[in-house]
Amino acid sequence: MAQHVRAAEDRAHAEVDRARQETRDLKQQLMSFRKERAADEKADHKRMEEVRLEASEALREAAIQRARAEALEGQLTQLRDLPAALESVLQQAKARPRKVAKRSTPAVKRKSDEAKKRKTPAVP
């Protein structure tokens, strides 16, 4: 009977030892999972920040391109009116005759003006 009790105690001790070992293994596995999770979260946060920066840069670039497009659209609108304006100016230029101005040198003209005032011929 003592042998039977001793065998039961040995089995109980072995069962306890096995449970303790299983607990240690599970704790170690849990710690490993926690470390992996923390590393994954850190990587996710880093990637999220990179994505935010990329999005911010994309928005900034989009705003620049939008402003550029608006400026070019304004220039294009002005240029669309240019042919009509040029045609109008050409029609006006054709409608009125051009006067050809006489060319004279200022010194000769001044002398002739002085001579007219004095009523004497101008000296060239």
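Dipole check for segment 50-90: with +1 at the C-beta of Lys and Arg, -1 at the C-beta of Asp and Glu, and the Cα centre as origin, the magnitude is about 60 Debye. Direction-averaged projected area, Cα convex hull, segment 1-103: 13.3 nm², rounded to one decimal.
All of the numbers you see were taken from the coordinates with simple rules; none came from a lab. Source: prediction; values computed, not measured. So basically every Cβ, Gly included, is an ideal-geometry build from the backbone, and we count neighbours across all protein chains shown.
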